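Here is the structure we will look at, set down as structure tokens.
The values are calculated or read from the model by the stated rules, or taken from the named source; none is laboratory data. The shown structure was predicted, so the numbers you read here are calculated from the model rather than taken from an experiment. Here the Cβ is made from the backbone with ideal geometry for all residues, glycine too, and neighbour counts use every protein chain on show. Each accessible area value is taken on the protein alone, full model and side chains, heavy atoms only, with ligands, DNA and RNA left out. Shrake-Rupley method; radii C 1.70, N 1.55, O 1.52, S 1.80 Å.
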Amino acid sequence: MGSTVHDPKQPFALHSNCCHNHLMKDVFRITNVDPIIIEAERTRVLRLIESVVPSEHVHEVGSTAVQGVVGKQDLDYLVLVPKQDFGGTRAVLDRLFRRNPEQLSNDVYQGYTVSSDLDVSVQLTVAGGPNDTFLKFVDRLRGSEELRTRYNQLKADFDGRPMCEYRDAKREFIETALSGVINS
């Protein structure tokens, strides 16, 4: 098996040979979860994060944050902080959550998993840093029905396929959307 190298601009997954390692068994599935369950977990996790991080730094950034976008019904949160606050914020989040070993970990980005019956994650990154793209992408999705339609189609096309293939396609889609190639 080849070595795995994290691309510092791509926090979403293990990128080198991802479909040739243990992630091959993980499958992307579009699911429907009771909205009451999602809302209860959203509230619980937000309260937990905001108990240690000022609320203005916390944002929901996954598919559940955008009306009309389908997905795994997982919850994804962004904690976006100034560079000078990154180390202290990471130390606080390290006490609450487990670092995600399948995501980037460096001096401007840290991924976490949250103990939950749902798939819940937290991404900590530096405002203005190389991984400060989450809110831009969510804003583009919210502002463009065409972009949401294309994103939903990508998800439908990868439903039932290996997660790493979906993540690679998603990464390319996001990069293209942020570059303006896909009209938004």
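For the reader, a short list of remarks on this structure follows.
- Only a single criterion out of (1) touching a helix residue (DSSP H, G or I) at 6+ places or on another chain (Cβ under 7 Å); (2) of a type in the set (Val, Ile, Thr); (3) under 23 Å from TYR151 (Cα atoms) is not satisfied by VAL81, namely (3).
- Yes/no for ALA177 being hydrophobic (A, V, I, L, M, F, W, C), over 28 Å from ILE37 (Cβ atoms) and crowded, with 20+ Cβ neighbours inside 10 Å: yes
- Just one of (1) in a helix (DSSP H, G or I); (2) modelled with pLDDT under 95; (3) open to solvent by 50 Å² or more (accessible area, probe 1.4 Å) fails for GLN67. It is (1).
- Checked against (1) at pLDDT 95 or above; (2) touching a Cys at 6+ places or on another chain (Cβ under 8 Å); (3) not aliphatic (A, V, I, L, M), THR4 passes all but condition (1).
- Test result for ASP94, closer than 18 Å to THR113 by Cβ, at pLDDT 95 or above, touching a Gly at 6+ places or on another chain (Cβ under 8 Å) and among the acidic types (Asp, Glu): no
- Top-ranked residue in the stretch 32-43 [being in contact (Cβ under 8 Å) with a residue 24 or more places away in the chain and either assigned to a helix (DSSP H, G or I) or open to solvent by 90 Å² or more (accessible area, probe 1.4 Å) (or both); ranked as nearest to VAL69 (Cα to Cα)]: ASN32
- Tallying residues that are touching a residue at least 60 places away in the same chain (Cβ under 8 Å) and either open to solvent by less than 30 Å² (accessible area, probe 1.4 Å) or over 23 Å from THR133 (Cα atoms) (or both) within the stretch 49-62 yields 2.
- Here ARG140 meets each of (1) in contact (Cβ under 8 Å) with a residue 60 or more places away in the chain; (2) open to solvent by 50 Å² or more (accessible area, probe 1.4 Å); (3) under 13 Å from VAL69 (Cα atoms); (4) not hydrophobic (A, V, I, L, M, F, W, C) with one exception, condition (1).
- Single unsatisfied condition, THR149 versus (1) open to solvent by 30 Å² or more (accessible area, probe 1.4 Å); (2) among the β-branched types (Val, Ile, Thr); (3) in contact with a helix residue (DSSP H, G or I) (Cβ under 7 Å, 6 or more places away or on another chain): (3)
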